[in-house]
Every structure is written in structure tokens, then in C-alpha cells.
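Every read-out reported here was derived from the displayed coordinates using simple, explicitly stated rules and does not represent laboratory data. Owing to the predicted nature of the structure, the values given are computational and were not obtained by experimental measurement. Using ideal geometry, Cβ is built from the backbone for each residue, glycine included, and neighbour counts are taken over all protein chains shown.
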Number of protein chains: 4
Amino acid sequence: MDDLQEKLWFASDYMEGAHPALMARLAETNMEHCAGYGLDVYSESAREKIRVACDAPDADIFFLAGGTQANACVIDAVLRPYQGVMAAETGHVSTHEAGAIEYGGHKVLTLPHEAGKVTAASIAACIEAWCSDENHDHMVMPGMAYISQPTEYGTLYSLAELEEISHVCHENDAALYLDGARLAYALACDANDVTLADIARLCDAFYIGGTKCGALLGEAVVFPKHDYVPHFFSIIKQHGALLAKGRVCGVQFDELFTDGLYGRIGRVAIDAADRIRALLVECGYELAIDSPTNQVFVALDDAQLAALSEHVEMGFIENLPDGRTVMRFATSWATRLEDVDALRDVLVP
Amino acid sequence: MDDLQEKLWFASDYMEGAHPALMARLAETNMEHCAGYGLDVYSESAREKIRVACDAPDADIFFLAGGTQANACVIDAVLRPYQGVMAAETGHVSTHEAGAIEYGGHKVLTLPHEAGKVTAASIAACIEAWCSDENHDHMVMPGMAYISQPTEYGTLYSLAELEEISHVCHENDAALYLDGARLAYALACDANDVTLADIARLCDAFYIGGTKCGALLGEAVVFPKHDYVPHFFSIIKQHGALLAKGRVCGVQFDELFTDGLYGRIGRVAIDAADRIRALLVECGYELAIDSPTNQVFVALDDAQLAALSEHVEMGFIENLPDGRTVMRFATSWATRLEDVDALRDVLVP
Amino acid sequence: MDDLQEKLWFASDYMEGAHPALMARLAETNMEHCAGYGLDVYSESAREKIRVACDAPDADIFFLAGGTQANACVIDAVLRPYQGVMAAETGHVSTHEAGAIEYGGHKVLTLPHEAGKVTAASIAACIEAWCSDENHDHMVMPGMAYISQPTEYGTLYSLAELEEISHVCHENDAALYLDGARLAYALACDANDVTLADIARLCDAFYIGGTKCGALLGEAVVFPKHDYVPHFFSIIKQHGALLAKGRVCGVQFDELFTDGLYGRIGRVAIDAADRIRALLVECGYELAIDSPTNQVFVALDDAQLAALSEHVEMGFIENLPDGRTVMRFATSWATRLEDVDALRDVLVP
Amino acid sequence: MDDLQEKLWFASDYMEGAHPALMARLAETNMEHCAGYGLDVYSESAREKIRVACDAPDADIFFLAGGTQANACVIDAVLRPYQGVMAAETGHVSTHEAGAIEYGGHKVLTLPHEAGKVTAASIAACIEAWCSDENHDHMVMPGMAYISQPTEYGTLYSLAELEEISHVCHENDAALYLDGARLAYALACDANDVTLADIARLCDAFYIGGTKCGALLGEAVVFPKHDYVPHFFSIIKQHGALLAKGRVCGVQFDELFTDGLYGRIGRVAIDAADRIRALLVECGYELAIDSPTNQVFVALDDAQLAALSEHVEMGFIENLPDGRTVMRFATSWATRLEDVDALRDVLVP
């Protein structure tokens, strides 16, 4: 098409369309008559496969078009009006949803983070601060913790950490919600010890990301306990988040959860990211964050940045105080190994 | 798959996937790298083609996933907090959006309707009632009129009517917004004398429906005047209505507005609907509403209903006081002429 | 001060300050130190007296500054986000709160009315329409009925009617909320057979009006069942409806519920209104609505209107199709009998 | 009444009723007929006096019952839906309004503070961070700065600081709003060099506090430029913040701005606070914050805290890392000099 197609392309994980298997399935089923609004046979089949994958036979599952609307719908549905949601100050709901959570009337109560992660201790401290303040009726009550797996910085919660966070939340009557926009890339990672079944066991709600993990669009919101949120369908509709042709998500998720495709998609990205990390270190570049998933963060000086930018499309993250720039390589199911190999030539000084 | 595939299928106009040309284009462009969030070349190309089709060279155009979210985003963006939107009591925003408009803080001020249409006079009366009430500062100010073309009942505004409505709105500082969920089926209709350029000239905002008119999903929101709504991108994001892979809409709308496909799609549906109307009348059935577009409304007695339901999938509309039932046949770009012909056999007593 | 003080003044029931006994009590307690936010001894004493008056020993009671904010806080607190409130199309929440209910995200589902009253049947029909509509997940679910006692038109629900409405609501899991802005004038009325205890028994929430019934400001929101709405204090604060000097309401309601003052206040107004009604009929005027409480509605031709307006301050209600005008006389605790007597001279043709 | 009346009472500045002059005026005007909703002659007179005091002849002025609702109404009215309000992380809107700002759909963008104050530089940095972020359309746009005079910690902005803040806001198209809940205590302070006219010149909106400065209730919201916020009356009503008997605020503010009473009220509190500060220092206590207004913050060890608490009612602020506790003495128009003197006996070791 243009320049975009000529460079080595690691700018993000939503730059291509859908995994070819999904496109094929969409084409194949295109002319079938399907019920609307997610009541079609493909959506139902996808739900059933996800229930199995999550070992959550009673789970309620809904398909939405995107992550921000999944977050807004779940948070609005679970919180009472006077409650807020705790999240890392770098969390997607805190920073990059244009105020979607506040639009629904809820405050985001920010927690300190380390490489995008919060701790059970900081959640407990936030709740305790509210509980022990004699004026707490004038303050927003923490009603839910929001975490991402992997985080914005590609880091992972261990099973032990997730267990602890779940425990702290539930002993304080707070809900636990996990944003899995890039969940495929967590699940496929060697460093990961958290399964879908663990997530379903420990969280009150979560979503399995499709948009960044092989689908044209779509996220699967899972409530492991049946009827945890009554009338969630209407809440989706009220948020304008209900797709008339629900089949679009249904067909894609059905395929993603057939024969382990979701896992294989994740694996491709992790292999490529691992190779990029190794290449960078090998060539003397400094990794800015120790992230094991599909996002690779590197700190570049101006010369490195200029040289690389000529050949590689990366994402900008932040300027460091020492003058260097943190850039991101993102891999995905669509990353080509030849591009990773080509990167070696660009990196060699 | 099942039963659904065996019957004659006229239940609605969003039961199939996308028009084959759109599916082909999606497949063809699938592996290209595209910028996210609607900044891709396909979205830009589609916008340019729509500007031409609307004779609105400065129009701001945004692609959203669905009609309810298009309505909510536009109404929230245009109204001030103390304003409400006037709509037919049968309007989609009044009845079938699960309170999405109120969720954004705005009252829907209902107007009487005739076969789904409102009049310039009833809009003027609503505004006048507010203006002349000495307590109007305690009341919701009418700030916008919402109309659909075609309406929920498949009826059309004539150009003269639209001119008059536009005039009444603008001389009273109210905005005019047109919901074009099924716009292809209005534009293609012989009875129609309103062009896209007319709509762009007379309305402050409107959307060109994709979901019900050939796309997998997607609606094109058009603001004919540039910067009529500053920061609409952020408003979309705040509503959770921003697609990461904006290309999905971009590619489809680009195709819909290439070589007049949007018009041809509409024509197929209208031809089928006209044939159904003729068949029904011919066989002695009574049309319940005089609608010239892709929706055919028929009043059935219990025997007729039972007989037809065995072979035909229709949509339920309402029970009449005389005991009969109004059912709807909806045609679309996907309606097969052999199904319409097969209908003849079912209808013959 | 001016003209306003010279005319016979029946324009409304909130034109004077507070009943002298309340002013005296405010002055007397003025320099005492009191805890803020309604935690003071006067508020607590008032709550206890109201519990006794309502025969509701476990009731949760909160004092708010005004009726619209009481309505908004209660409705927001009780409804779930996807629910709406049913109300007469003439109800205060439907028409004269500038969209306060929609501002909180809830649709007002309007019901037909007769002289301001709704029926159990129309509530049941509204709920049934939602239940039986196969698309009801796309529609706002009726979650509460809102009624006023007396209504906007001064009319009263009988005990039998209230029992029936309560029954219909509760067997359909809808809440019942009663707006008692002018409750003193219902309770004191001969035609009334509904006690505070009946209201507490039959409603899930209601408020006892202060502003229009003797107080400078203030309404007492009563939830007969303890903890029916958890954290209502925070909801009040979130709506900006929490008074720092809660004593202002506490002292006044404590006085209103001492030695039956609230009842006596109502009686004064009813006696005056009854006398006005008799005078009007006697002098050949036509009452426009058959209302037994403190609001008297009269239909005037132009000559009558002009003549009366010279001497009497009334409230405008509406223009009738026959050219006449409906005007309102409102009496209150502050109405002077000499003014009512003086009215006789003005009315005599 | 009880214990509360026996201790030396410095717990807060809203523990008594109204200044006696205001009570007298309320009593005196009690039986006059007044128009409702702030359209009465007292409200109009008060508005005119405030315009004079602010040297803002065209100012629009509205009386509301409390500070949180004033903040919520102004912020909602001035911001566009996609904008947020910048405030110190200790600001009232950030912490102690139970999420009232988020309830209206707006994010509070927190700024670092020093003793409750923000700087022009931190406001500029917040705006610049938004402007320079290439993803800023996904982020909440800073549309207004919120400051308090005095701050939550009793500190003051100097005229130079306010000029600079105003300049930074306006050159970036952000509004400046000043919360004057305790404004009387700023204006009366020797250290203060900011007049009401300065505030009116430099801010787009502010409120003059009544509740904490001599009134039973009431805050005067001032928009120095006429029609800066069209239809603010309706916005007040929509927030449930409109008092039917607007006279209650009107009469009180009319009195507060007659013969310099607002200034004298402030002076009494400042004199008492200065004396307390001197006493504390004299007796070897350590002031925790260098605040020149009516709030005195002292760091107490456990023995001091226990001893003082026996005789004095103070407000709790926070626990220090070194084990000490910060407590607050608040003075007001109602503080009695004999109580301050009695404090000396309690403080002497």
C-alpha cells in the first residue's frame, strides 16, 4: 500500500485484520441465517467452549466489540453508585479510556504500581484507608479491584500474587476484575503459571481479549458465577455495546477456542518477542522493563532511535530523565519470523 | 445449520453476514498493516467517498460499531446537559435502546407519530410549549430533533417534509439528527425524493447505516459542517465506541461506496419487498402499514398466522385490538428471489 | 415591601418563611454546638419522633434540602442502572425537575393519569408490557413506581388504591416510592383515609415534605425497612445534597413532629381551601378539578381572570381548549382567614 | 445540651447556627410573601451587593445550599463531557465529595500540592502532558483548574500566584474556578492580598461561602462574566440544588453583604485563630502547617493529645509517621474569646 508495508512492523498488536482461520470461518458461515444479538448458534458454541476452557460450567459469557466498553460495562454493572474501582495509576481504565469509567459515574481510585502491577498490600491499604477514615461516608468506597493480565507493561501476575489479591478483595467484599486484552500472550508465556481456570476461580469477572489476539474485533466477558450480574444484556445495550450481528464475535471466538488456536496464537507472538529480546540484549541494547510477554520495551539513545526508526515501526512509550527514549516492539499472531530475522541486520551496529 | 436455514427467512435485515463484496475486500486486505482507531487508509478513503456522495466536502465522518452507540454519542455530543432530544414515541431512541440516551443524562421528549413519522408542526409545538411555559427553566429544553429515514415502520420523509423539519429546528436553534440505520433502503426506493446530499444539507448530523445494509457491522456518522462537534473522537472513546481495528469499518464502507454498491444493495431489497407486497395484496392479505421500503407489515388473523409461521420466519410487531397480529417481512441485500417466489406457494390459500 | 404584599396572596404554598414555632426553635438553639451532617441531637430526636408517627421503629430517615434532590437520590439509590421509574405523565419527576432523573441515568416511564393519579392497573400494564415483549432486554425495565400524595393536582389516593398499588408493585418486584411534598395537606384532609403508618407499611420509600408544609426548607426521606438502601448517606453526599449544618432540618422536623404541629399546619390550609372552594361555587365559578386538599383549581373566562387578577395572586395552570384558563389558589399554614374573607368581596359579581 | 456544650469547642466552623444578625433578619422577614426559586427581592438585593463587592457589575450570581453541590453544578456546567478538572490531590473535589464530580461524568485530574496549594507550573505541566501525548484523544482533556481560597489546609494563594494561575489557565483555554467555602477567613487575614475584585477578575467562576462563614446554609456562586454559563438555573434544578424558598439564602447573603458583616465575621475568627497559634507556640507545641487563616494545625504526641482531648473538641487530621497526631482547631464568627482564654489554662503544662 505504502511505506507502512515496507518497514519492519512492530508498532502494535492490532495492525492486521484477523487470523486467517477466523477470516475463513467468517467467509464460510457468511450467508447462513443467524439470530441477532449474540443468540446465534456460533456465539452459543463459543460460550460453551470458553466455559470448558475456564472450567467454569455455569459462567455467563457475553461478547463485546472492544476493551474499553467491556471495562465500562462490567464496572458499571458490578459497582454500586457510591463505589469506585481501584486500579494501577498506569491501568488502562485510569489513563487511556478518555474518562469512560467516570462517564459511568465511578471514580478510579489509583494505586501505586511496579511495572504496571499492583499488590495485594496496596489494595488492602486502599480499603483500610477508607474503612478507618471517620469521614469515609464522604469518600468514594473501594468496591472493586481492576487488574490486567498481562499489564500495560507486559508484566504478569503469578498465581500466588493473584491468589493473594483475590483473597484480599473478597475478605473485604470488593470484587476482582481482570482485563485480559492481551490474555493470549500471558497464557502462552513460559513465565506464566496462571491458567484460565485459575482466573475463573479467583476473579468475579474478566474478559478474554480477541481484538489484540487474533480477531477482527471482540472481547469475551466472563462472569464465572451464573447470574452474578443480572440483566447484563440490558446493560450492554444501554452502553451501546450490543452488536446486532453478534455472530461476528461468536464465529471468531468459536474458532479461537477450537483446537487450541488461542494458545497457538499466543505462542507465535511470545516466540517472536523472546527472539527480539535476545537480539536486543545480544546487540547491547538495554531492555527498559523486564516483561516476558509480547511487548518488548527498550531504552534507546538518540542515535539508536534515529537509526532504528528508519527501518522499524515501533511504539513510543516515554522519555526518560536521562534523555533516552523508551520504545516498544509488539508482536502478535501476525508477526513474521522473517521480519524478526531482518531486525537482526538493523540492530547490528 | 438447522431449522433456521430451512424456512423462508424474512425475520430481519441483519441475519446474514456481510455482502460478499465486503467479505472479499476484508479478506484481501487482511494482512496489510493499518494504523488503528480509524486513521487507516481505508477509513480515509471511505470518508472521502462519502463526502463526495453527500456533496459535503468538509464533512467530519466517524465509523462506529452500531446504531445505538452512534445515537448516544451524537446526542451526548450535540446537546448541552440541560437539553433533551425530541423523537417519535416509537423512535428507536425512545423505546429500544435500553435507556442509552438517559444513561448519558438526556431526556427523550416524545412526539406523537403517524406510522413512525413526526411532523414539523409537532416539533414546533414541542419547542413552543417549552418556550411559552413560564416555568420552563424547571423543564427539559428541547435541543435536538431525532428522526429516522426510513422510520421504524418503514415510512419515508419526503424532501418537502424534511425541508420543513429542518427549517423549524434551525429557526429555533435546535439541531436536526437523522438515524439512517436502513438508509440504503430509503435511498433505493421509488417513492423517495431525498438524496444523501439533501440530508447533508438539511441535517446537522446523521448516520449512514452499514449493519443493516450490507456490512458485518458499522455505521458512518456524518457531521456535514467541519468541527460542528469538537473532540468527537474522544467522545467516541469515552463511550467505549472506538474500534481499535478501525479498518474493519473503513474497508467495508470504502467498498459500499465504490461503484454505487450501497445503492444496488438497497435496490435488491426494495425489489423483493415490492414483490412481497404485491403478492400479499394479490392473495387477499391486508397490509397494516403503507410502507414503501424494505419492511412489509401485514395484519394476520390466527389461522393465517399459524399457516404462515410454519414456513416463514417473520418478525412480531404487535397485537391489534381486533385480535389480529401485525407481523413484519424484512428484506435485505441478502434476500433471494427464489425465497420470494416460494412465498407465493405458501400464501396461496 | 411592595405590590406582592398588598394583593390577596394565594400563588403558592412556599411564599413565606417558616412556621413561627420553627423559627423560634431555630433561634433558641442557634448558638448550641451541634455535630454536622445530620448527626446532631435534634436530627436524631426528629428521626425518633417520625419513627413513632409512622409506626416504623426501624426506619432509616434522612433530611434533605428539597424535593427534587430527595426524588433523585431515592430513585438513583433504589433502581439498578437498567431500570426506570414509572410515573404519571404529569408527575413532578416527569415534567418539572429539569431532567434530574435522567441526569442520574434513569428513564421516566410515563403512565396515563386521571387528575394526577395513576392506577394499579396502569402500573401492572406497564410492567406486563415489558415482561411480555420478546425484546424487553432492549427496553428499560420498570423498577419502581413513583406516586405523589397529594398529587400535582391536589388529589388523593385512597387507602384501598394505595394497597392495590403496593400489591401490584411488590408482586412484580418493583419498589413503591411516594413523594409527600405536600403530605401535611393530605393527612389533614377529611377525605383522606391514609395515615403515615399506612404509607410506611405500603411503600419502600417516601418523603415527608417540609418546604411546602411549614419549614424554611427540608424534606424527611423515610425508608421504613432498616438498611433497605445501604450507604444512602454517601449517595446523598454524592448528589451534593448533604447539609453541613444538618441541624437546620433536624430542629425544624423535631418541632414539626412535636405536639402534632404537622397535623395542625395541614388543618389550617385545608380549612382555608375548603372555604375558598365553597366561595367559588357559591359565586358561580367552576372548579376545574375535584381536589380536596390545599390546592383549588378554577376555570376562569377572560373577564373573570382579568377581574380576579387585579386583586388576587394565583398560579397559572393551563389554557383550556374552550378559551378559559385554569388558575390555582394554594393555601398553606400561613394563609390568613382575613384574606380568605376578603376574597369574598372580590368574587362577588 | 450535654457534653458537647461543656468542652472548649474548636472542632469545626459549622457547629453553630447562623450569625445572630442573619437569624434576626430571617425572623423579621419571615412572614413576607416572596417569589420562589431565588427570584425574590432579597436575593436580588444580595446579588447586587455582591456585584458591588466584587466590582463585577455584570456578574451572574446564584445561591445554592452547599459547597459540594456548588462544585458539581459549576464543574458540570463549564466542562464539556470529554474534559476533566485539575485539582490538588487534597482538594475537596478530589477526596471528600463522595464522587460527586465523577457522578457528573468528569474525571478529577489530581495535581501535587504543597500544604494544599497547587502551582501554575503544575497546572501548566498537566495541560502540557495532555497536549504533547500523541494519544491524547484517548485521555481526559484538562478543561478547568479548581483551587480553594483558603485551601483545605488553611493556606492562601497570593495575588501573584493567583495571577499566574489565571494566566496559565486562560492561555490554554482552561477555565479557573475557585472554591471559597471559607472565603471570609481568607479575606480577613492579614497575610492575604487577594480581594473579591481580584478573584472576580481572575477566575471564571467562584463561590463565596456562607455555610462556614456565618449562614445557616448557602453559597453564592459567581460568574463574573454575564452569560458565561447559559441556562445555569436549569442546571441547578437538574442537580436538585434549587431551593424553593430561595429567600433563605437571599436574606442571609443580603445581610452578610450589608455594612461589611462578611468582613467582620472573618476578622473575629482570624483574631481567635492567631491567638490560638500564639498560645500553642508559647506553650511549646509544634504547628504542623503554616496556615494563617481560621484553621490551626498542631502536631501532638500521645500525652498531649490525651490531655487536650479531655477539655477541647478538636478535629482529627492525620497520623504522622513519627507517631504524633495532627489535630485541627477551627475558629469561626461564633468563637468566644473566653474559650480561647480558657484554652491557655488547658495548654499550660
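Classify segment A:161-274: rounded, prolate or oblate, from the alpha-carbon gyration tensor (a ≥ b ≥ c, eigenvalue square roots; a/c under 1.5 rounded; otherwise prolate if a/b is larger than b/c)? Note, shape of segment A:161-274 comes out oblate. Shortest first, residue B:345 label-point distances to identical copies amount to 6.4, 9.3, 10.9 nm, with the label point at 7 Å from Cα along Cα→Cβ. Taken as Cα centroids, segment B:209-246 and segment A:39-117 sit 22 Å apart, rounded to the nearest whole angstrom. When chain B is turned onto chain D, its residue with the beta carbon nearest the axis, and that distance in whole angstrom, is B:105, 4.
Per-residue shielding of A:57-69, expressed as the average number of other chain Cβ atoms within 10 Å of the residue Cβ, stands at 3. Pairwise Cα separations in segment B:282-322 fall into 10 Å bins from 0 onward with the following percentages, short to long: 24, 61, 15. Peptide A:100-113: average number of partner chain Cβ atoms within 10 Å per residue? Taking the mean over all residues of the peptide, I get 6.
Using a Förster distance of 25 angstrom, determine the FRET efficiency expected from the C-beta separation of residue A:195 and residue A:290, and round it to 0.05.
Details: r = 22 Å, r/R0 = 0.90.
Computed FRET efficiency for residue A:195 and residue A:290 comes out at 0.65.
Between segment A:314-329 and segment A:147-173, the C-alpha centres lie 27 angstrom from each other. Shown for residue B:52: label points 7 Å from Cα along the beta-carbon vector, and their distances to the equivalent points in the other copies, 5.0, 6.9, 8.4 nm in ascending order. Based on alpha carbons, the Rg and Dmax found for the protein assembly as shown are 33.2, 108 Å.
In order along segment A:332-345, the phi-based Karplus estimate (6.51 cos²θ - 1.76 cosθ + 1.60, θ = phi - 60°) of 3J(HN,Hα) comes to 7, 4, 9, 5, 9, 4, 5, 5, 5, 5, 4, 4, 3, 5 Hz; Gly and Pro are listed as x. Think of chain D as a dipole: +1 on every Lys or Arg Cβ, -1 on every Asp or Glu Cβ, centred on the Cα centre; then among D:129, D:50, D:326, D:50 lies furthest on the positive end. For residue A:212, a cut-off of 24 angstrom between C-alpha atoms picks up these lysines, skipping any fewer than 8 places away in its own chain: A:7, A:49, A:117, A:237, A:245, B:237, B:245. The residues packed around residue B:94, meaning those with a beta-carbon under 11 Å from its beta-carbon, carry a net charge of -2 if Lys and Arg are +1 and Asp and Glu are -1. Backbone phi angles across segment A:262-270, fed through the Karplus curve with coefficients 6.51, -1.76 and 1.60 (θ = phi - 60°), yield HN-Hα couplings of 4, x, 5, 4, x, 4, 4, 5, 5 Hz in residue order; Gly and Pro are listed as x.
Can you classify segment A:65-113 as rounded, prolate or oblate using the Cα gyration tensor, where a ≥ b ≥ c are the square roots of its eigenvalues, rounded means a/c under 1.5, and otherwise it's prolate if a/b beats b/c and oblate if not? Show your work: numbers first, answer last.
Numbers: a/c = 1.82, a/b = 1.12, b/c = 1.63.
Oblate is the answer for segment A:65-113, as a/c is 1.5 or above yet b/c matches or exceeds a/b.
Here the Gaussian network model covers chain B, with springs between Cα atoms less than 10 Å apart; of B:57, B:142, B:224, B:57 fluctuates the most.
Residues of B:33-40, mean number of Cβ from any other protein chain within 10 Å of their own Cβ, rounded to a whole number?
On the way: counts 14, 7, 5, 6, 4, 0, 0, 3.
Per-residue shielding by partner chains comes out at 5.
Short-range pairs are left out: with C-alpha atoms under 8 Å and at least six residues apart, the relative contact order of chain A is 25 percent. Ellipticity at 222 nm from helices only: DSSP H runs of n ≥ 4 in chain D, each -39500 (n - 2.57), divided by the residue count, give -12000 deg cm²/dmol.
Taking the charge dipole of segment D:26-84 about its Cα centre, with +1 at Lys and Arg Cβ atoms and -1 at Asp and Glu Cβ atoms, the residue from D:31, D:81, D:59 reaching farthest to the positive side is D:81.
Basic side chains Lys and Arg get +1 at the Cβ, acidic Asp and Glu get -1 at the Cβ, and with that the dipole of segment B:183-276 about its Cα centre reaches some 360 debye. With each label modelled as a point 7 angstrom along the Cα→C-beta vector, the residue C:320-residue B:125 pair spans 2.0 nm.
Answer rounded, prolate or oblate for chain D, using the Cα gyration tensor with square roots of eigenvalues a ≥ b ≥ c: rounded when a/c is under 1.5, else prolate when a/b is larger than b/c, else oblate.
Values: a/c = 1.92, a/b = 1.18, b/c = 1.63.
Taking the square roots of the gyration eigenvalues as a ≥ b ≥ c, chain D is oblate.
For residue A:9, the residues whose modelled amide H falls within less than 5 Å of its own, excluding neighbours fewer than 5 places apart on the same chain, are A:313. I need to check one value: relative contact order of segment A:1-98, counting alpha carbon pairs closer than 8 Å and at least 6 residues apart, in percent. Normalised by residue count, the contact order of segment A:1-98 is 12 percent.
Computed from phi, the 3J(HN,Hα) profile of segment C:117-128 under the Karplus parametrisation 6.51, -1.76, 1.60 (θ = phi - 60°) reads 9, 9, 10, 4, 5, 6, 5, 4, 5, 5, 5, 5 Hz, with x in place of Gly and Pro. Amide H contacts under 5 Å for residue C:99: B:140, restricted to partners 5 or more places along the chain or on a different chain, H placed in the peptide plane at 1.01 Å from N.
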